[in-house]
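The values are calculated or read from the model by the stated rules, or taken from the named source; none is laboratory data. Predicted model, so just to flag it, every value in this text is computed and none were measured. All Cβ positions, glycine included, derive from the backbone under ideal geometry; neighbour counts span all protein chains shown. Areas reflect the complete protein model, heavy atoms only, side chains present, ligands, DNA and RNA absent. Shrake-Rupley method; radii C 1.70, N 1.55, O 1.52, S 1.80 Å.
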Amino acid sequence: MDQTSLRDWESRCIQEEPPRCQAACPLHVDARAFLGHAAQGRWREARGVLERTMPLP
């Protein structure tokens with residue numbers, strides 16, 4: 001495998017992994033997306049992130 005192919009494979013591999021906080025969460029909540037929406041005052045979208053994974057958000 002040449003250097004270019006290796007770097008391409010590595011970047012895809014890393015990008016396809018969920019964030020550590022999401023992987024460690026028992027409900028797999030995407031906390032970064034939730035907080036990003038909340039920080040911008042987009043509460044409906046923030047709630048949508050929770051509703052995708054939590055049974056009773």
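Leaving out ligands and nucleic acids, note down the accessible area per residue over the chain with a 1.4 angstrom probe, in whole Å².
86 Å²
Tell me which of Pro19, Gln3, Ala39 sits at the most positive position along the dipole axis of the chain, charges placed on C-beta atoms (Lys, Arg +1; Asp, Glu -1).
Ala39
Rank Leu56, Leu27 by accessible area, highest first, at a 1.4 Å probe radius?
So the residues, ranked largest to smallest area, are Leu56, Leu27.
How far, in degrees from 0 to 90, does helix 3-15 lean away from the longest principal axis of the Cα atoms of the chain, to the nearest 10?
10 degrees
Based on the Cα gyration tensor of the chain, what are the three equivalent ellipsoid semi-axes, each the root of five times an eigenvalue, rounded to whole Å and given largest first?
Equivalent ellipsoid of the chain: 31, 13, 8 Å, largest first.
In whole percent, and with a 1.4 Å probe on the protein chains, what portion of the accessible area of the chain is carbon and sulfur? Kindly include the intermediate steps, with their values, before the conclusion.
On the way: 2730 of 4910 Å².
C and S fraction of accessible area: 56 percent.
If you rank Arg7, Arg42 by how much accessible surface each has, with a 1.4 Å probe, what is the order from largest down?
Values: Arg7 145, Arg42 95 Å².
Correct descending sequence by accessible area is Arg7, Arg42.
Between the helical axis of 43-53 and the dominant principal axis of the chain, each derived from Cα atoms, what acute angle in degrees is found, rounded to the nearest 10?
Approximately 70 degrees, to the nearest ten.
What number, rounded to the nearest 500 deg cm²/dmol, is the helix-based mean residue ellipticity at 222 nm of the chain, given -39500 (n - 2.57) per DSSP H run of at least four residues and division by all its residues?
On the way: 4 runs with 38 residues, N = 57.
Calculated at 222 nm, the ellipticity per residue is -19000 deg cm²/dmol.
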